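A.B. asks: Questions regarding the structure given below will be posed in turn.
All of the numbers you see were taken from the coordinates with simple rules; none came from a lab. Computed from a predicted structure; not experimentally measured. Methodologically, a virtual Cβ is constructed for each residue, glycine included, from the backbone with ideal geometry; neighbour enumeration extends over all protein chains shown.
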Number of protein chains: 2
Amino acid sequence: MPIKSTHTKKAGTPFKRTPQRLAILDFLEGNTSHPSADDIYRSVSKKYQSMSFATVYNTLNTLAKAGAVREITIDPKRKHYDPDTSGHHHLICVACERIFDVPEGISVELPGDMAGDFIVTGSHIEFYGYCPSCGKKKKKA
Amino acid sequence: MPIKSTHTKKAGTPFKRTPQRLAILDFLEGNTSHPSADDIYRSVSKKYQSMSFATVYNTLNTLAKAGAVREITIDPKRKHYDPDTSGHHHLICVACERIFDVPEGISVELPGDMAGDFIVTGSHIEFYGYCPSCGKKKKKA
DNA sequence: ATAAATGCAAAGCATTTGCAGTAAA
DNA sequence: TTTACTGCAAATGCTTTGCATTTAT
């Protein structure tokens, strides 16, 4: 199911398919780089020179509410966006700050004594560390 | 080892014990509410009316570097701080936004095919859901 | 036709920084 | 006495918002 369709399976909020939104969706589709709003703006505004920051943010918020993209809060400096809304985790490289996908392994659960009192609607593992290329540089230094 | 000592086991960076810092450490010690910088400022400035925001931030950054407090990035709006630097996880209530501790259960690991390429220095599970009191309200609504 | 989206500029917060004065060591 | 910290205010950076105009439906 492409996220460009007017309706989504999940939240089902319909939204207008404007050229700007399609351009953002186009950039996002299949993108595994976990871009920030600024990354998206810089890339998409090359082709749509009229694109504004407000539109990028409005679109991302709309898509997030519709369940078409996922907001990632692993980086304290800014939000990142992921078109892959399936359950998976992330690793952020503490050197270059790039974010990498980590496939979902064993599912994460609350300890038994909390499970009765809390309702869990989602979970996410953040890994901190060094990516392959920064790991190499580190050893040399 | 109390975090008020001039040196910490971990990073070992010494720092001056000023009254402002002692007041912040005093507020933090044993605190499980995961306060934001603003929460800390509001509480500590009641007793130390000269306390400034810059000092709160400077102190928190110093303590974080020294390994005496942990920055929590579960809330996209602001950072939260945790004096408990032992390995544990968190749940944020999507209704009231309060953060709760989740004890560390099984340790989290990268899948085998990534483990050889990445160096993991830390990990953290974020749970999203409803706390007991917001869960009750939700059912009634 | 009508409800919603765009784009601009301004506003809003959280956080950082420069710097002169002050205090811990 | 020297080095580091405080406090203020200004600055920065990310994100949101108000509003007049434009556009998808």
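A.B. asks: Extending each Cα 7 Å along its Cβ direction at B:K47 and B:K137, get the distance between those two points in nm, one decimal.
C.D. replies: Each label point lies 7 Å from its Cα, and together they span 3.0 nm.
A.B. asks: State the volume of the convex hull built on the alpha-carbon positions of region B:28-69, expressed per residue in Å³ and rounded to an integer.
C.D. replies: Taking the convex hull of the Cα positions in region B:28-69, it is 70 Å³ per residue.
A.B. asks: Then there's this: Taking only the alpha-carbon atoms of region A:41-141, what semi-axes of the equivalent ellipsoid follow from 5 times the gyration tensor eigenvalues under a square root, in whole Å, largest first?
C.D. replies: In descending order the semi-axes read 28, 25, 10 Å.
A.B. asks: DSSP loop trypsin sites (Lys or Arg not before Pro) in region B:39-92 with at most 10 other Cβ atoms within 10 Å of their Cβ, which ones?
C.D. replies: Filter output for region B:39-92: B:K77.
A.B. asks: Considering the convex hull of the alpha carbon atoms of region B:93-141, report its projected area averaged over all viewing directions, in nm², one decimal.
C.D. replies: Details: hull surface 20.1 nm².
Taking a quarter of the hull surface, the average projection is 5.0 nm².
A.B. asks: Here's something else I'd like to know. For A:H88, place a label point 7 Å out from Cα along the Cα→Cβ vector, do the same in each other copy, and report the separations in nm, one decimal, smallest first.
C.D. replies: Those label-point separations list as 3.2 nm.
A.B. asks: Same structure again: What residue among A:G67, A:P35, A:S50 has its Cα farthest toward the positive end of the dipole of region A:35-82, where the charges are +1 on Lys, Arg and -1 on Asp, Glu, each on the Cβ?
C.D. replies: A:S50
A.B. asks: Right, next: Name the shape class, rounded, prolate or oblate, that the alpha-carbon gyration tensor gives for region A:54-100, where a ≥ b ≥ c are the square roots of its eigenvalues, rounded holds for a/c under 1.5, and otherwise prolate holds if a/b is larger than b/c and oblate otherwise.
C.D. replies: Oblate, because a/c is 1.5 or more while a/b does not exceed b/c.
A.B. asks: Can you give the convex hull volume of the alpha carbon atoms of the protein assembly as shown per residue, in Å³? Kindly include the intermediate steps, with their values, before the conclusion.
C.D. replies: Working: hull volume 51.1 nm³, N = 282.
Per-residue hull volume (Cα only) is 181 Å³.
A.B. asks: Rounded to whole Hz and in sequence order, give me ³J(HN,Hα) for region A:104-119 from the Karplus expression 6.51 cos²θ - 1.76 cosθ + 1.60, θ = phi - 60°, writing x for Gly and Pro.
C.D. replies: Listing the rounded values in order: 6, x, 4, 6, 8, 9, 5, x, x, 6, 9, 4, x, 9, 10, 9 Hz.
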